[in-house]
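Report on the following structure.
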Amino acid sequence: MIFLLVSGNIIIPIIMLFFSLKWKGAELVFNTLALLSALVFGNIAAASIYRILKNHTVFMTSIHAIFLNPAFLLTGAYLGIYVLYKLLALTLNAKQRTM
């Protein structure tokens, strides 16, 4: 399982970069998905923290219950992959400018 996670973090951003180089609309799709993911991720985190503070249940297990939310996990995973994709794109762009 660890192998799949690590290889996915390497392969998926490269595939995203390939798609964005071949089809200019892909970058708009990736950016829109990242925007929506950030909104969902942030709102779930904020609502969970608010609920914990409101109920005065500030325990380590209370805040870690957020990791049971599939939407939180999916959006967080996409944001992680998206950041790696953007770093690859910036690196490629910087390399092309120096040539």
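The values are calculated or read from the model by the stated rules, or taken from the named source; none is laboratory data. Please read all numbers here as calculations on a predicted model, not as lab measurements. Because the Cβ atoms are built from the backbone with ideal geometry, glycine has one as well, and the counts that use them run over all protein chains shown. Areas reflect the complete protein model, heavy atoms only, side chains present, ligands, DNA and RNA absent. Shrake-Rupley method; radii C 1.70, N 1.55, O 1.52, S 1.80 Å.
Some notes on this structure:
- Residue in the range 37-65 that is nearest to the chain's Cα centre (by Cα), counting only those that are touching a residue at least 12 places away in the same chain (Cβ under 8 Å) and over 18 Å from Leu87 (Cβ atoms): Phe41
- Of all residues in the range 8-52, those satisfying the criterion of being closer than 19 Å to Leu68 by Cβ, surrounded by 11 or more Cβ atoms within 10 Å (Cβ to Cβ) and of a type in the set (A, V, I, L, M) are Val40, Ile44, Ala45, Ala47, Ile49, Ile52.
- Considering the range 72-99, the residues that are over 19 Å from Asn9 (Cα atoms) and part of a helix (DSSP H, G or I) include one that is least open to solvent (accessible area, probe 1.4 Å), namely Ala94.
- Of all residues in the range 53-71, those satisfying the criterion of being of a type outside the set (A, V, I, L, M, F, W, C), surrounded by 10 or more Cβ atoms within 10 Å (Cβ to Cβ) and outside any helix (DSSP H, G or I) are Thr57, Asn69.
- Going through (1) closer than 15 Å to Leu17 by Cα; (2) without any contact (Cβ under 8 Å) to a residue 40 or more places away in the chain one by one, Thr75 falls short only on (1).
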